[in-house]
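Undergrad: Dropping the structure in here first, questions after.
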Amino acid sequence: MFSTLACNNKIEPFESVDAMIADATNSVDAINAEDLKAILEAEYHFTVIDCREEKEFIEGHIQGAINIPRGMLEFSKLISDRRVKLYIYGQANQRATLSVGTLKKLKYKHVLMIDGGWENWNKSYPELIETGSGDTQKGAPEPEEESGGCG
């Protein structure tokens, strides 16, 4: 059994990771690849986050995306402006679904998952991918320990 600890110290149990993702999906806003392509072409102010692991990112990613693996989102110094619209993707939807929830808990206001993730983007727009390290979390300063709490 998997569980999450809410701010009121109430444990929310899930029978499986799939159940946890299904629950998180209820609060995720998504954008499709076609709409994201239009946004990329219009050059609005936004950030695209690839929440896959660094090796996956290096092998290929959406042009201009930054790499922040899902397990590092809370500690990343690559994003700080909570007003900027964030578009996030993983390999498919699982990691991105959980990442959206994490960012919303950290008070990021505009977070959308790119539906179908890297698999869909790579299939739909292979001409709009980059390879190499680009902006990755590698080499980022170690996170400073902060006191926890719910408030």
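The values are calculated or read from the model by the stated rules, or taken from the named source; none is laboratory data. Since this is a predicted model, take the numbers as computed values, not measurements. Quick reminder, even Gly has a Cβ in these numbers, built from the backbone with ideal geometry, and neighbours come from all protein chains shown.
Undergrad: Among the residues of segment 30-44, is there at least one that is at pLDDT below 95, loosely packed, with under 14 Cβ neighbours inside 10 Å, closer than 26 Å to Val84 by Cβ and aromatic (Phe, Trp, Tyr)?
TA: Yes, that holds for at least one residue.
Undergrad: Would you confirm, using the coordinates I've provided, whether Val28 is more than 26 Å from Ser133 (Cα to Cα), within 15 Å of the chain's Cα centre (by Cα) and not in a helix (DSSP H, G or I)?
TA: Working: more than 26 Å from Ser133 (Cα to Cα): yes; within 15 Å of the chain's Cα centre (by Cα): yes; not in a helix (DSSP H, G or I): yes.
Criteria met by Val28.
Undergrad: Sticking with this structure for a sec: Those residues that are buried (at least 17 other Cβ atoms within 10 Å of the Cβ), in a helix (DSSP H, G or I) and not β-branched (Val, Ile, Thr), I need them from segment 73-103; list them, please.
TA: Leu73, Gln94, Arg95, Ala96, Leu98, Ser99, Gly101, Leu103
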